[in-house]
Every structure is written in C-alpha cells, then in structure tokens.
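Student: My questions will all concern the structure given below.
The values are calculated or read from the model by the stated rules, or taken from the named source; none is laboratory data. Not measured: the values here are computed from a predicted model. Counting neighbours? That spans all protein chains shown, and the Cβs are built from the backbone with ideal geometry, glycine included.
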Amino acid sequence: MNTLTSSFDDEQHKIILSEDGSYTAYSKEYDEHYHSLKDGALNESLSKHVIAAFKFIQKSDEINILDICFGLGFNTLATLYYVKQNNIKAKINIYSPELDTTLIESLRNFTYPKEFEEFKEITIALANNKVYKNESWHVSIYLGNAREYIKEFSHAKFDIIYQDAFSPSSNPILWTKEYFKDLANIIKKDGIITTYSVALKTRLALYENGFNVYLYSAKGIRDSTIASFSELYDIKKVDMLHKISCNKDVKALSDDEVSY
Ligand SMILES: C[S@@+](CC[C@H](N)C(=O)[O-])C[C@H]1O[C@@H](n2cnc3c(N)ncnc32)[C@H](O)[C@@H]1O
C-alpha cells in the first residue's frame, strides 16, 4: 500500500499519480478517475475550471460559486489558490454538494499538491465540520444529492458553476436537460458554466436551456466547454445549429431515461 495515502478512504478509491505530478483518485463505484490522468488533476482543475471561469466573469465585490461536486475538492482549493495568487479582493462564497460522506471525512489524509499546502486547515475544517469561514472566504459542503441541493438556491445567484461530475455515461443524472434547466434558473445572466465535457449531448442540454456554448482551448490541455447566457468575446462560439444539422439523431439526456 502507498504509505502516503494509508489513511485515505481506500475501500472505494485508489490513489493515482496524474501526469502533472499531482495525485488524484480512481472510484471503484463509478469505475472512473476523479480527474484526467493525462491533463493532470491540478492542471485540469486550474485550467479548465478556475482560469476559464475567472477569465470571463464580470468584476464584482462578491463571487458566488457552485462546485458540482466536491469530490477531492480540487476545484474549490484551486479557486482559493488562484484568488490568493492574483490578489483578488472579492468575497468568495463556494457551495458544493457531495454524496460521499466517507470520502469527505478522509480528505484530511489525502496528499494534495504543494500549491494547496497552505490550505491544510481548510481541508481539515471541511472534513470535520463541512464548512470553512474567514473574513473573505466561505466554503460549505452539502452532504447529499446535488439534484436536491440546487433547487434550494434563489434565482440568478451564481457567478460561476463548475460542472465537474463523473461522465454522462457513468453519472447521467447530473447531465440531463432538466438538470441544466435547474442550473439555468440559479446562474446569473452573465454567469459562467465550465465543464470538461465536449460531448454534443452535453452541449445540446445547455443549448436547449438557452445557453450560448463555447469551445475553451488552453495551452497544454485538452479542449473543454464554457456556457453562458451572455455573448463572450475572444473565445470560439460553437455553431450549435450546424452541429445539430450534421448530427440529427443526437439528443440531450433527459430525466426520463435515467433514474435518481
Ligand atoms: C468527478 S468527481 C468530482 C471531482 C472534484 N470536482 C474534484 O476536484 O475532486 C464527482 C463526484 O460527484 C459525486 N457525486 C456523484 N453523484 C452525485 C450526486 N447526485 N450528488 C452529489 N454528489 C455526487 C461523487 O461522489 C464524486 O465525488
């Protein structure tokens, strides 16, 4: 057994080194890795989610983020890392659902990259209390189903949503058009959704809920998707009408075909 991770929840998970040198996990239940091994856990989180979102959001005194789902917490920790590195003074509120209580409680024993070392007290507070607060940051984890959780928020609350569930094939309930309809209700008009998925089914579910769909490309990492109700500039907009006309049989996932 790897001594680095001996107290981590290794019944359900296996720790794996990803290509950027950061550790991620493999889920036995979902038969999937938490991050792309090729892109690297830290690199994927920072590049496809945090940098991608902060590049396009409007300046504001307070930024509300929905992190779907907490998992190992890379997107939340990478956000705090980015905010600190870039001296961003806005108040940051992060809300994150997660079904796996055992995972959250064992995160104090996970081996995070050195970039997250300064956040050790945050991971411990989250593992113990599911909440961390200081004068600028508020992070809270909801132990339960994301589908229920997202219905609790008010209209147009979020500036950023990190859509980072397991893949549509292994966790379809977090990719249906009804699910994205609920996200459409709670995101601001100029809010940004980031996701690693470039699948047409995912993009259709976004498009059918009124989002513009964009192809996000960054150096050294595979392409991903950004969605917003707003027109974004300096990014390639996906021509959805053309994609649909070339792929007439493709349909967005719907709640009728999946169970939750
Ligand atoms: C790909 S991982 C998230 C990775 C995470 N963003 C990170 O940086 O480590 C997906 C997570 O979704 C959780 N999950 C699956 N279905 C869920 C649901 N319906 N509600 C809440 N969490 C769910 C899984 O337990 C898993 O931890």
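Student: Go through (1) in contact (Cβ under 8 Å) with a residue 40 or more places away in the chain; (2) within 28 Å of E105 (Cβ to Cβ) for F56 and report which single condition fails.
Tutor: Just one mismatch for F56, condition (2).
Student: For the stretch 21-66, what are the residues that are crowded, with 20+ Cβ neighbours inside 10 Å and at positive phi?
Tutor: Listed by number, the list holds a single entry, G40.
Student: Could you tell me whether the stretch 113-125 includes any residue that is surrounded by 14 or more Cβ atoms within 10 Å (Cβ to Cβ), free of Cβ contacts under 8 Å to residues at least 12 places away in the same chain and away from the ligand (no atom under 12 Å from the Cβ)?
Tutor: Checked against the condition, which is being surrounded by 14 or more Cβ atoms within 10 Å (Cβ to Cβ), free of Cβ contacts under 8 Å to residues at least 12 places away in the same chain and away from the ligand (no atom under 12 Å from the Cβ), the stretch 113-125 yields at least one hit.
Student: Which of the strands (runs of 3 or more DSSP E) found entirely inside the stretch 127-225 contain at least 3 residues meeting this: within 18 Å of the chain's Cα centre (by Cα) and surrounded by fewer than 18 Cβ atoms within 10 Å (Cβ to Cβ)?
Tutor: Counting at least 3 such residues, we get 137-143, 212-218.
Student: Does A252 count as part of a strand (DSSP E or B) and either farther than 19 Å from F54 by Cβ or in contact with a helix residue (DSSP H, G or I) (Cβ under 7 Å, 6 or more places away or on another chain) (or both)?
Tutor: When the stated conditions are applied, A252 does not pass them.
Student: On to the next question. Scan the stretch 245-260 and report the pairs whose first residue is within 16 Å of the ligand (Cβ to nearest atom) and whose second residue is acidic (D, E) and modelled with pLDDT of 95 or more, with Cβ atoms within less than 7 Å and a gap of 6+ or a chain change.
Tutor: D255/E178
Student: Shifting gears a bit: Just give me the residues in the stretch 156-171 being within 11 Å of the ligand (Cβ to nearest atom) and under 14 Å from E29 (Cα atoms), in sequence order.
Tutor: A165, F166, S167, S170, N171
Student: Give the number of residues within the stretch 88-103 that are more than 12 Å from the ligand (Cβ to nearest atom) and either under 14 Å from H35 (Cα atoms) or of a type in the set (A, V, I, L, M) (or both).
Tutor: Count: 3.
Student: Quick check: anything in the stretch 209-225 over 17 Å from H49 (Cα atoms), touching a Phe, Trp or Tyr at 6+ places or on another chain (Cβ under 9 Å) and in contact (Cβ under 8 Å) with a residue 40 or more places away in the chain?
Tutor: Taking every residue of the stretch 209-225 in turn, none turns out to be over 17 Å from H49 (Cα atoms), touching a Phe, Trp or Tyr at 6+ places or on another chain (Cβ under 9 Å) and in contact (Cβ under 8 Å) with a residue 40 or more places away in the chain.
Student: While we're looking at this one, here's another question. I need every pair where a residue in the stretch 64-87 that is within 16 Å of A41 (Cα to Cα) and near the ligand (Cβ under 10 Å from one of its atoms) has its Cβ under 8 Å from the Cβ of a residue that is of a type in the set (D, E) and assigned to a helix (DSSP H, G or I), sequence separation at least 6 or different chains.
Tutor: F74/E44; A78/E115
Student: For the stretch 232-245, state whether one or more residues are among the charged types (D, E, K, R), buried (at least 19 other Cβ atoms within 10 Å of the Cβ) and assigned to a strand (DSSP E or B).
Tutor: No: zero hits.
Student: Only residues that are near the ligand (Cβ under 8 Å from one of its atoms) and small (G, A, S): list them for the stretch 26-38, please.
Tutor: Result: S27, single match.
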